[in-house]
Amino acid sequence: MEMTIRKVKPTDNQALASMIKAVFVEHDAPKVGTVYSDPTTNHLYELFDEDKAELWVAEEGGNVVGCCGIYPTSGLPAGCVELVKFYLAPNARGKGVGRALMEKSMESAQNMGYKQVYLESHPKFAKAVGMYEKLGFVMLPEAMGQSGHSSCNIWMLKTFDDLEE
């Protein structure tokens, strides 16, 4: 089946929210203080319908199977954006879908003039953290910005160097 990666559409809201919440249940990740309980998770098209934000969606056979985006989270320093909503359905893993979504998000960040990408995660998503490290993200001692996701206790940052631009 062919995989497509495209920008989020208004009709994606319900499928994205269901897929994201299912990933939390699958990994037994905290539901409070995370994206799971964040009311914007049910309205991702509207959340990303603003300047300097972008959400990419992976679709296979007409079904939403993943997403990843960038969002100008409040409180981040100038030139820094947050990598957000990076989730894959089980049937999309191990196929390069996550990498493709991540690359599109990084490309968006650079095209919008961002110099750094910040992210928050949780130990329950250790596989993703390993991928972030391979892509040049480094651990931070504390959170940046005000995401409101108090249960996340892994914070990472990637700075684009001149060679990548």
Assign one of three labels to the chain, namely rounded, prolate or oblate, based on the Cα gyration tensor with a ≥ b ≥ c the square roots of its eigenvalues; rounded applies when a/c is under 1.5, prolate when it is not and a/b is larger than b/c, and oblate otherwise.
rounded
Chain lengthening between GLN146 and VAL32 when straightened (0.36 nm per residue, less Cα-Cα):
39.5 nm
Given an 8 Å cut-off on Cα distances and at least 6 residues of separation, report the relative contact order of the chain as a percent.
23 percent
For LYS52, counting only lysines whose alpha-carbon sits under 19 Å away and dropping same-chain residues fewer than eight positions off, the answer is LYS7, LYS9, LYS85, LYS104, LYS115, LYS158
Considering only DSSP beta bridges whose two residues both sit in the chain, what percent are antiparallel, to the nearest 5?
90 percent
What does the net charge come to around ALA92 if you take all other residues with beta carbon closer than 12 Å to its beta carbon, with K and R at +1 and D and E at -1?
+1
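Every number here is computed from the coordinates shown, using simple stated rules; none is lab data. Nothing here was measured: the structure is a model prediction, and the numbers come from that model. Positions of Cβ are generated from backbone atoms using ideal geometry, with glycine treated the same way; all protein chains shown enter the neighbour counts.
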